[in-house]
Amino acid sequence: MLEIKTMLVKLVANYRLLPCDERNKLRIKTDMTLKPVDALYITLKVVRNRNRAVALLKQLPNFRALPSVPLLGSAHLFLDTTPDGTLRTIVNCHQRYGRNLLLQELGNEFKLLTCDPRVIEQVLQAKTIVKSNFYRFLLPWIGLSSVVVSGPQWHNRRKVINPGFNYRMLQGFLPTMDAQAAVLVEKLAPHAGGPGIDVYEPLRCMAMDIICETAMGVRLACQSNPAVPFFKDCEELLDLIYKRIYNPLLTSDLVYACTKAGRRANATIRALHQFTRSVIPRPEESQEQQQRSTFLDLLLQTRLAGNELLSDDDIRGEVNTFMFAGHETVTSCLSFTLYYLSRYPDVQQRLYEEIETMARAAELTYGTLMELKYTELVIRETLRLNPSVPMIGRMAAGDMEIDGVTIPTGTEVMLNIYVMQNDPQYYPDAAQFRPERFLQEPPPYSYLPFSTGVRSCIGQRFAMLEMKTVLVRLLSRFRFVPCGEENALQVKANLTLKPYNGVYVKLVDRH
């Protein structure tokens, strides 16, 4: 099957096939097997899938099928393989064909794509929550962590993790956040008054130091030693996974393991696991500590109590998840924020005035940061334009309904948050950076940077506290000025949304 699919893809991509005359009409013979059987199977499967798609579209008049061809589906629309190409293609498809789409893949298997808040609300209200198929590509890295599990297993896992992000714990994390933000300020100070600087890398080192010290109790000192292999390995693995998602020939784990990309992915995962093991103390070390105060400590306590809820692999998976998500999303959001502040000086000035008025004390407090309302509007507007996770997926499990129609079990539904939050229908002047728009709540389900409901991001309060702390320290010391248009912001998506080719701004010392 794989060989036939591969050959057909190559042939149809390079040639147009025309019929010969009747003298060359197909004839078959048997000699143990019937030769055209595989082709017949493929044909029947394609016909069945296309008929199912047509039948579903008749029930869902608000959805529209993307242009497709037999066997290859809509693959011809996704020929742009540049880092930002897939995201740009999806955006263009929604702009050209509508908010609710049906996408056909290899073999004309189909999934639904939507950036319509009305539809997204119905999808997220399904009682049975099952993540899309592509999440399984994360399993070798993060295992059955809280990101991918469902049902009772997820509820049990969330119950263990929740205390790690309560009010008391967040207050305890603030001194570390403030100290690392101060280190960042000193690292950036020599660049003040000079040419533009890419702020993404310094912010990433700071975010990594914060997540490791607060959530794991480990001091990495990435800001002093930025050459941490974890960054490169994460970036490479995410790129490999993202490319695999959009290459149906690599869906099979067995096939993927035999490819160069698969071997590279396995090597990268081994390196990431080795790094993770270095931050998880051995059982005998963890037993020496009586007082626990980090996210990792909660996980270890569960293991030490003899509760079989979390195995060593489970703990490693959660650590991988929070180390990645805890630095990647915060880094991107802060980078985007500084870029927009440099381009919108009125917003930057208003933000600076709030900080000077309410957070001038040498030592920040949790209460003070919670009172920075305009700062929060700035962050929310940044996350609207560039949500950390541009798209999430759900799989119908029999109880998902859209417009009164039960979606067939196994159908994937992709929720395009990035496109929705940049839609002028829900956000007038959507391309403009206007934090004041959040003085009023946006339309329901039109703003989902942290998802929503029971599966919303557990670390969102942690992230907001960290970003406020960093912005206070940076804006107190520097004014941010734009670079030239050659350094205009570009974004790419590889599971998360991040800058492409850096985030360049100029720094002016306020002192």
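On the basis of being surrounded by fewer than 13 Cβ atoms within 10 Å (Cβ to Cβ) and either at pLDDT 95 or above or over 26 Å from PRO152 (Cβ atoms) (or both), does ASP429 make the cut? Judged against the criteria, ASP429 is a match. Only a single criterion out of (1) among the hydroxyl-bearing types (Ser, Thr, Tyr); (2) surrounded by fewer than 18 Cβ atoms within 10 Å (Cβ to Cβ); (3) at pLDDT 95 or above is not satisfied by TYR246, namely (3).
If the condition is being surrounded by fewer than 13 Cβ atoms within 10 Å (Cβ to Cβ) and either in contact (Cβ under 8 Å) with a residue 60 or more places away in the chain or over 30 Å from ASP239 (Cβ atoms) (or both), then the stretch 58-80 contributes LYS58, PRO61. Figure legend. Inter-residue proximity from the stretch 323-339: first residues in contact (Cβ under 8 Å) with a residue 40 or more places away in the chain, second residues aromatic (Phe, Trp, Tyr), beta-carbon distance below 6 Å, spacing 6+ or different chains. Indicated pairs: SER335/TYR200; LEU338/PHE480.
Within the stretch 67-112, being under 18 Å from PRO390 (Cβ atoms), hydroxyl-bearing (Ser, Thr, Tyr) and out of contact with any Phe, Trp or Tyr (no Cβ under 8 Å at 6 or more places or on another chain) holds for THR81, THR82.
Just to be sure I understand, how many residues within the stretch 151-179 are open to solvent by 30 Å² or more (accessible area, probe 1.4 Å) and either part of a helix (DSSP H, G or I) or in contact (Cβ under 8 Å) with a residue 24 or more places away in the chain (or both)? If you could, list the steps in order and put the result at the bottom.
Initially, the stretch 151-179 is screened for residues open to solvent by 30 Å² or more (accessible area, probe 1.4 Å), giving 151-153, 155-156, 158-159, 162-163, 166-168, 171-172, 175, 179.
Next cut, either part of a helix (DSSP H, G or I) or in contact (Cβ under 8 Å) with a residue 24 or more places away in the chain (or both) only: 151-153, 155-156, 158-159, 162-163, 167-168, 171-172, 175, 179.
Number of matching residues: 15.
For the stretch 396-426, filtering for residues that are open to solvent by 10 Å² or more (accessible area, probe 1.4 Å), touching a Lys or Arg at 6+ places or on another chain (Cβ under 7 Å) and farther than 15 Å from ASN100 by Cβ leaves 1. Residues of the stretch 194-219 that are touching an Asp or Glu at 6+ places or on another chain (Cβ under 8 Å) and within 14 Å of THR294 (Cβ to Cβ): ILE210, GLY217, ARG219.
Per the listing VAL130, VAL148, the residue uniquely in contact (Cβ under 8 Å) with a residue 60 or more places away in the chain, surrounded by fewer than 21 Cβ atoms within 10 Å (Cβ to Cβ) and farther than 14 Å from MET391 by Cα is VAL130.
Among the residues of the stretch 239-277, how many are under 22 Å from LEU103 (Cβ atoms) and not in a helix (DSSP H, G or I)? Of the residues in that region, 4 qualify. Looking for something assigned to a helix (DSSP H, G or I), within 28 Å of ASP198 (Cβ to Cβ), open to solvent by 10 Å² or more (accessible area, probe 1.4 Å) and among the aliphatic types (A, V, I, L, M) - is there at least one such residue anywhere in the stretch 333-349? Yes, the stretch 333-349 contains at least one residue that is assigned to a helix (DSSP H, G or I), within 28 Å of ASP198 (Cβ to Cβ), open to solvent by 10 Å² or more (accessible area, probe 1.4 Å) and among the aliphatic types (A, V, I, L, M). Within the stretch 236-263, the residues that satisfy the criterion of being closer than 25 Å to ASN501 by Cβ and touching a residue at least 12 places away in the same chain (Cβ under 8 Å) are GLU236, LEU237, LEU238, ASP239, LEU240, ILE241, TYR242, LYS243, ARG244, ILE245, TYR246, ALA261. Could you please find all residues in the stretch 37-57 being without any contact (Cβ under 8 Å) to a residue 60 or more places away in the chain and under 23 Å from VAL405 (Cβ atoms)? Selection gives VAL47, ARG48, ARG50, ASN51, ALA53, VAL54, ALA55, LEU57.
If I filter the stretch 355-362 for residues that are of a type in the set (D, E, K, R) and in a loop (DSSP other than H, G, I, E, B), do I get at least one hit? Among the residues of the stretch 355-362, at least one is of a type in the set (D, E, K, R) and in a loop (DSSP other than H, G, I, E, B), which makes the answer yes. Mind checking whether some residue in the stretch 186-193 is touching a Leu at 6+ places or on another chain (Cβ under 8 Å), open to solvent by less than 60 Å² (accessible area, probe 1.4 Å), outside any helix (DSSP H, G or I) and farther than 20 Å from PHE324 by Cα? The answer is yes; a qualifying residue exists.
Need at least 1 residues that are in contact with a Gly (Cβ under 6 Å, 6 or more places away or on another chain) per element, so show me which strands (runs of 3 or more DSSP E) inside the stretch 401-511 make the cut, counting only ones lying wholly within it. Before the answer, list the steps.
Details: elements: 412-416, 478-482, 491-494, 496-499, 504-509.
Counting at least 1 such residues, we get 412-416, 504-509.
In the set LEU138, LEU144, LEU101, LEU113, only one residue is under 30 Å from GLN301 (Cα atoms) and at pLDDT 90 or above; that residue is LEU138. Scanning the stretch 376-395 for residues that are within 27 Å of ARG461 (Cβ to Cβ) and either touching a Lys or Arg at 6+ places or on another chain (Cβ under 8 Å) or charged (D, E, K, R) (or both) yields a count of 7.
The values are calculated or read from the model by the stated rules, or taken from the named source; none is laboratory data. Worth saying up front: this structure is predicted, and the values here are computed from it rather than measured. FYI the Cβ positions are ideal-geometry reconstructions off the backbone, even for glycines, and counts take in every protein chain you see. Protein only, heavy atoms only, side chains kept; ligands, DNA and RNA dropped before computing areas. Shrake-Rupley method; radii C 1.70, N 1.55, O 1.52, S 1.80 Å.
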